[in-house]
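Take a look at the structure set out below.
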Amino acid sequence: MSHKDIGIALFVFGLLLLFIWAARAFVQARRHERAQAAPEPHTELELASEAAEELEVAEEPESEVAEAAEPAEPEPGKPAEAAEAAEPEEAEPAELAEPAEPEVAEAAEPAEPEPAVAMPKAKPKVEVARPAAKPKGKELKTGLRKTRRGFVARLGGLFRKKRQIDADLMDELEEILFTADIGVRTSEALFEEVKLALDKRSIKDADAVWTTIKQKAADILDVDAAPLAVRTHKPFVLLTVGVNGVGKTTTIGKLAQRWADEGLSVLLAAGDTFRAAAVEQLEVWAKRVGAPIVKGSEQQDPSSVIFDAIRQAVKQEIDVVICDTAGRLHTKTDLMQELEKIHRVSGKALEGAPHETLLVLDATTGQNAIQQANLFKDAVAVTGIVLTKLDGTAKGGIILGICDEMKIPVRYIGIGEGVEDLRQFKAEEFVEALFTPDEEA
Ligand SMILES: Nc1nc2c(ncn2[C@@H]2O[C@H](COP(=O)(O)OP(=O)(O)OP(=O)(O)O)[C@@H](O)[C@H]2O)c(=O)[nH]1
Ligand SMILES: [Mg+2]
């Protein structure tokens, strides 16, 4: 083969290769066109993986942003700002969540009829419990029912039986009054009042005798004294005294609740350090009322506990301090000396304190209450009386004897164990409730 032949062969071979390359390119171009016109069906798995790929692609820039944001936080001088800015954002859900609760609860109410749903079932219980937690308390007349069945009922019976005033009526009247648990002095005062009216011929029948006794009772109960006004001092310091079991701690709890409900801040002082249970009992009331309590260690000098309590109340600008005390001491210390010291130390903690010293007396003890009042009155300057347990005794008439002999105003009366059963004492209202005969009588 000559050189010329070899050149021709190479040229043909080159043309062939060019042709093959062109043919392949043509076929590929055709395929591509076909693929675009009618895409091949994807399986679900392929679609999912495609979607996942898309997501990955989409998420990538986000994480980058987050990563980019992170290094920005530790910039000096900025962390505080960042934290401040972040705080309200964090707080937002909490703030939103709180008001959302009642909304949810309210929204749940219409669902009540569905018995299968436990939650809405519990709802009405809460709704019902609310008014029950703040009961109005029993009627004064109901609370005085037993007392009314005492000497007042006997007087009522006498005047129903005898319509005319004669010697018999006067004898029976004298007997009822002097055997009533109202104290000899008060019995005399009531009887003399009737005799005086008869002498003056200002009363003519049994009804008039009844009215005279009722009026005299109201006069006796209406002791002339300044009212107990807690807003006159800040803090207003109230000391409670009385023998054990009369109802001091219970009365403190009831008073604390009353004043807290009126919007006053109250602090309780656990001055009965002789019994651990006494402090615990006051703590229960403090929790219930939501009032702070100052307590000492067991057997600590009660004066120092009360001193601390008053000082704390001054510092914290508390409105009322109510001090509990023991009714009986297990040591040889005399209760009256201890109370006298508490009274004195209170004045050192705050000049003029205590602003009120309430003597708590138990109506069921009858004439004993008068003896107790005399004892306490000598030891501390008692400025007011609380007569408890009037609901549980026919001896409640002793209130007349207490006011008549002590000339100390009754501030409150207890007509039950409930928190609402401590009533502010109003002489006229009390006499009305006491002298209004029961319908069944
Ligand atoms: N029915 C009735 N019970 C009352 C009344 N006041 C108090 N009580 C009850 O009397 C009991 C004694 O009450 P406390 O408050 O512990 O008496 P206290 O004077 O503090 O007694 P000491 O701490 O032992 O000195 C409790 O069971 C009270 O619930 C009332 O007005 N009516
Ligand atoms: Mg007590």
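The values are calculated or read from the model by the stated rules, or taken from the named source; none is laboratory data. Given the structure is predicted, the values throughout are model-derived calculations rather than measurements. With ideal geometry, Cβ positions are generated from the backbone for all residues, glycine too; neighbour counts draw on all protein chains shown.
Every condition in (1) within 16 Å of ligand 1 (Cβ to nearest atom); (2) surrounded by fewer than 24 Cβ atoms within 10 Å (Cβ to Cβ); (3) part of a helix (DSSP H, G or I) is met by Lys214 except one, and the failing one is (1).
Scoring Glu298 on the criteria (1) more than 21 Å from Phe376 (Cα to Cα); (2) within 11 Å of ligand 1 (Cβ to nearest atom); (3) of a type in the set (Asp, Glu) leaves a single failure, condition (2).
Of the residues making up segment 390-419, those that are within 11 Å of ligand 1 (Cβ to nearest atom) and surrounded by fewer than 23 Cβ atoms within 10 Å (Cβ to Cβ) number 8. Quick check on my filter: what residues within segment 268-283 are away from ligand 1 (no atom under 11 Å from the Cβ) and crowded, with 22+ Cβ neighbours inside 10 Å? Passing the criteria: Leu268, Ala269, Thr273. Can you find even one residue in segment 199-214 that is without any contact (Cβ under 8 Å) to a residue 60 or more places away in the chain and on the phi > 0 side of the Ramachandran plot? Yes - at least one qualifying residue is present in segment 199-214.
Among the residues of segment 219-245, those identified as among the β-branched types (Val, Ile, Thr) and either within 16 Å of ligand 2 (Cβ to nearest atom) or in a loop (DSSP other than H, G, I, E, B) (or both) are Val223, Thr240, Val241, Val243. Meeting the requirement of 2 or more residues that are under 22 Å from the mean Cα position of the chain (by Cα) and within 16 Å of ligand 2 (Cβ to nearest atom), the helices (runs of 4 or more DSSP H) wholly within segment 246-316 are 248-261, 276-289. Somewhere in segment 356-363, is a residue surrounded by fewer than 16 Cβ atoms within 10 Å (Cβ to Cβ) and within 32 Å of the chain's Cα centre (by Cα)? Scanning segment 356-363 turns up no residue that is surrounded by fewer than 16 Cβ atoms within 10 Å (Cβ to Cβ) and within 32 Å of the chain's Cα centre (by Cα). May I ask you to list the residues in segment 424-440 that are touching a helix residue (DSSP H, G or I) at 6+ places or on another chain (Cβ under 6 Å) and not in a helix (DSSP H, G or I)? Listed by number, the residues that qualify are Phe435, Pro437.
Among the residues of segment 365-415, those that are within 32 Å of the chain's Cα centre (by Cα) and either assigned to a strand (DSSP E or B) or without any contact (Cβ under 8 Å) to a residue 24 or more places away in the chain (or both) comprise Gly384, Ile385, Val386, Leu387, Thr388, Val410, Arg411, Tyr412, Ile413, Gly414. Could you tell me whether any residue of segment 170-180 is at pLDDT 90 or above, out of contact with any helix residue (DSSP H, G or I) (no Cβ under 7 Å at 6 or more places or on another chain) and closer than 20 Å to Lys204 by Cα? Yes, some residue in segment 170-180 is at pLDDT 90 or above, out of contact with any helix residue (DSSP H, G or I) (no Cβ under 7 Å at 6 or more places or on another chain) and closer than 20 Å to Lys204 by Cα. The residue that is surrounded by the fewest Cβ atoms within 10 Å (Cβ to Cβ), among those in segment 170-203 that are among the aliphatic types (A, V, I, L, M) and touching a Leu at 6+ places or on another chain (Cβ under 7 Å), is Ile176.
Filtering segment 224-262 to residues that are within 16 Å of ligand 1 (Cβ to nearest atom) and of a type in the set (Gly, Ala, Ser) leaves Gly242, Gly245, Gly247, Gly253, Ala256. Candidates in segment 317-329 are the residues that are under 21 Å from Gln257 (Cα atoms), part of a loop (DSSP other than H, G, I, E, B) and not aliphatic (A, V, I, L, M); of these, the one that is farthest from ligand 2 (Cβ to nearest atom) is Glu317.
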